Amino acid sequence: MLRRGDEHLATQKEFEVEAQAKLDAARQRRQMEKEKLETLEREKIEELRREAEKLAEERRKAREQAQEWTREVQMESDEERERKSKRAAKKVKVEGESGDEGGEAKKKKRGGGKLKKAIDQDVDNEQLFSDDEVDSKPAKKRVPKKRVVRDEDDQDNAGGPRKKQYKSKEILSDTDDEDMS
């Protein structure tokens, strides 16, 4: 046994070295897989970050564009208010002046072909009167249409039947009795 002990020890050492080599190889493979997964994870996170930045940039641009639109609309509404106030001021000035003192204000008329003669006559008629007389006329008030009220006794088909009326058996039998007598 002592002679074989060295052989046994040599085979034992050889087996341990092989087992250790297998463990090291397995550990190395796990490490490589782990690094590979970490690399994929980092790439995925980087891609998500880029997409988030892109989305944030698009949202920022959209927000700026919306603010620009609201500013434009605000400016247009301000300009409209100014125009309306200027028109109101002009109307007040025109109404304040009399036709004799400040001269007559000429209105521009635009017309086309067939209506030209009628417009010329209208312009002549307007020149006969001063602006005070033309503007001082009150505007006509709209009067609502009068509606026709129908009596219940008046069941003639004046405007057509509103709703078809069904007669009960009692009414039908009463009318039959009256017809026979």
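Taken together, the values in this text are just the output of simple stated rules run on the coordinates, not laboratory data. Here the structure is a predicted model, which is why all the values come from computation and not from measurement. As a convention, Cβ positions derive from the backbone with ideal geometry for all residues, glycine included, and neighbour counts pool all protein chains shown.
Explain nothing, just compute: Karplus ³J(HN,Hα) = 6.51 cos²θ - 1.76 cosθ + 1.60, θ = phi - 60°, for every residue of the range 27-42 in order, whole Hz, x for Gly and Pro.
Running phi through 6.51 cos²θ - 1.76 cosθ + 1.60 with θ = phi - 60° gives 4, 5, 5, 4, 4, 5, 5, 4, 5, 5, 4, 5, 5, 4, 4, 5 Hz.
How far is it, in nm, from the label point at Glu76 to the one at Lys164 when both lie 7 Å from their Cα along the line to the Cβ?
So the two model labels end up 5.4 nm from each other.
Between Lys36 and Glu68, what length in nm is gained on full extension when 0.36 nm per residue of separation is reduced by their alpha carbon distance? Write out the running numbers ahead of the final one.
Working: separation 32, 0.36 × 32 = 11.52 nm, distance 4.78 nm.
My answer for the length gained is 6.7 nm.
Which whole-Hz couplings ³J(HN,Hα) result when phi for each residue of the range 67-84 is put into the Karplus expression 6.51 cos²θ - 1.76 cosθ + 1.60, θ = phi - 60°, listed in order with x for Gly and Pro?
5, 5, 4, 5, 5, 4, 4, 4, 5, 4, 5, 4, 4, 4, 4, 4, 4, 5
In whole Hz, with x marking every Gly and Pro, tabulate ³J(HN,Hα) for the range 48-60 from phi via Karplus 6.51 cos²θ - 1.76 cosθ + 1.60, θ = phi - 60°.
These are the phi-based 3J(HN,Hα) values: 4, 5, 4, 5, 5, 5, 4, 5, 4, 5, 4, 5, 4 Hz.
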